[in-house]
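Every number in this text was worked out from the coordinates using simple rules, so none of it is lab data. These figures come from a predicted structure and were not determined experimentally. So basically every Cβ, Gly included, is an ideal-geometry build from the backbone, and we count neighbours across all protein chains shown.
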Amino acid sequence: MTIDTTLDTALAPDAYRPRKKVYVKSYGCQMNVYDAQRMTDVMAREGFDETQGPADADLIILNTCHIREKAAEKVYSELGRLRVLKEQAADAGRDVKIAVAGCVAQAESQEILRRAPSVDLVVGSQSYHRLPSLLAETQGGRSVVDTEFPVEDKFAALPAPTRAAMRKRGVSAFVTVQEGCDKFCTFCVVPYTRGAELSRPVAQILGEVERLADAGVREITLIGQNVNAYHGEGPDGGSWTLGRLMQRIAEVRGIARLRYMTSHPRDMHDELIEAHRDLPQLMPYLHLPVQSGSDRILAAMNRRHTQSHYLRLIDRLRNAQPKLALSSDFIVGFPGETDADFRDTMQLIETVTFAAAYSFKYSARPGTPAADMGDAVPEDVKEVRLAELQALLLDQQKAFYASCVGQTFDVLLEKPGRIDGRLIGRSPYLQSVNVVATPDQIGEIVTAEIVDVGPNSLFAKGSRAAPASASIVPESAPTMVET
Ligand code: SAH
Ligand code: SF4
Ligand code: F3S
């Protein structure tokens, strides 16, 4: 055992308690990525170090996603594998605990215990700050469930991450500013798994951002299921919008870049659009899910906007920030979607042109209104529509990448590249950029002339490994998610 002799650890009463290991596997959206980090913060205080795989872990947490059937089913196959691992560990005299957290935990706790009895703990997305006491309750082989939406503020109860944990987060970090959703789109489980909309107070967010900036973070992505509905309490006692919050965060020393996701078209208020015009730190890249281009389907989805409302909004945003590029989410095969409805979606894509997109086949989710709508679109029709839609979006993505060649971008240097003497950074549009630079430059923002594109990345002048490729067309499909 190595003993840490730094002063604060040496003075801690439990300094000689052997440390344990926690492994968190996250599925789903950026909210889960953030929650996973906070879970490791909670467990660090209990003497658990993070490990990168389940094999040597004393506690395994699956941080799950319920958004589509496939995402939810993945959890059960993973739990099957973990049961074997837990049994083998028990034979070797090791006690391994398995916890299921996140949105599947919230939605189907009893189903989890029924199908996977090796699970020790089911903890919902609003109660993971109580992990230590819940784990203590599992001693003696009891299965414990906590899926309450507690009254105490989870964020206030969470411990601040250690400096080591913060350094691991790199130069770009997520900060949850808003949770839950009150929109109730008819296809979506989020309002049920995450609960009602809640905004963190400005002061609490600023404290977190300042700590991150002190640890070397240069870019903050403010996240929330419906992040632009943010209306947290400001230091003046009033309610602050996301635009105003970003103005304030931009003043934090060291923070050079801001992003936010995921937004709803109904909540793009004037102050936020003005931030795109006035705030140089706000990157000109916006994820604004539209789901469909058909007014009939948008109404059935309860999206509360029309195609023309979305198009007008895009015009206003592009007027405010002419360099703006957009990404979006699409669902094909929502109940009752006709070929004409699908054509409206294709036409919207042609009109807007997207730099990137995520597209999905509609998946009926238990408990949501759309699941009872009938008039289901056959699977093979969904397949054909998805393929056509993705082909168009991929063409647009390739064209966007190709249009970057010859441009000069500010690139935030993030990590070493695969080749010595190169670093990987991010363009304003979240593309990976290969740059000639040294490791001590991580965290710097450099100006880079883009000379070439690869399958999923850009090459700055001098960074293309010999022999240089003259191709400016990606050789294979850039990332496009379909689950
Ligand atoms: N809060 C965000 C996104 C939430 S979920 C928003 O309002 O846009 C992320 C994406 O998953 C959604 O944008 C939608 O495209 C997709 N999605 C959600 N429920 C789905 C379902 N039942 N079937 C297929 N895709 C779904
Ligand atoms: Fe789901 Fe709609 Fe809320 Fe987004 S806005 S999380 S799609 S209910
Ligand atoms: Fe999935 Fe929950 Fe996020 S359902 S998409 S992990 S909010």
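Worth a mention:
- Cysteines in the chain lacking a second Cys C-beta under 4.7 Å: 29, 65, 103, 181, 404
- Antiparallel content of DSSP bridges confined to the stretch 154-403, in %, to 5: 10 percent
- Only beta bridges with both residues in the chain are counted; by DSSP, about 30 percent of them are antiparallel.
- In the chain, the calculated helix contribution to ellipticity at 222 nm averages -10500 deg cm²/dmol per residue, counting -39,500 (n - 2.57) for every DSSP H run with n ≥ 4.
- Expressed as a whole percent, the proportion of Cα-Cα pairs in the stretch 158-253 lying more than 17 Å apart is 53%.
- Projected-area mean, the stretch 98-182, by convex hull of Cα positions, square nanometres: 7.2 nm²
- Cα gyration tensor of the stretch 214-342 - equivalent ellipsoid semi-axes, whole Å, descending: 31, 15, 14
- Whole-angstrom gap from the stretch 123-165 to the stretch 258-314, using each part's C-alpha centre: 34 Å
- Overall form of the stretch 21-146 per C-alpha gyration tensor (a/c, 1.5; a/b vs b/c): rounded
- Sparse packing (at most 14 other Cβ atoms within 10 Å of the Cβ) combined with a DSSP loop state is found for the following trypsin sites (Lys or Arg not before Pro) in the stretch 100-171: 142.
- Quotient of Cα Rg and 2.2 N^0.38 Å for the chain, N being how many residues it contains: 1.01
- Derived from the Cα gyration tensor, the three semi-axes of the equivalent ellipsoid of the stretch 61-123 are 22, 11, 9 Å, largest first.
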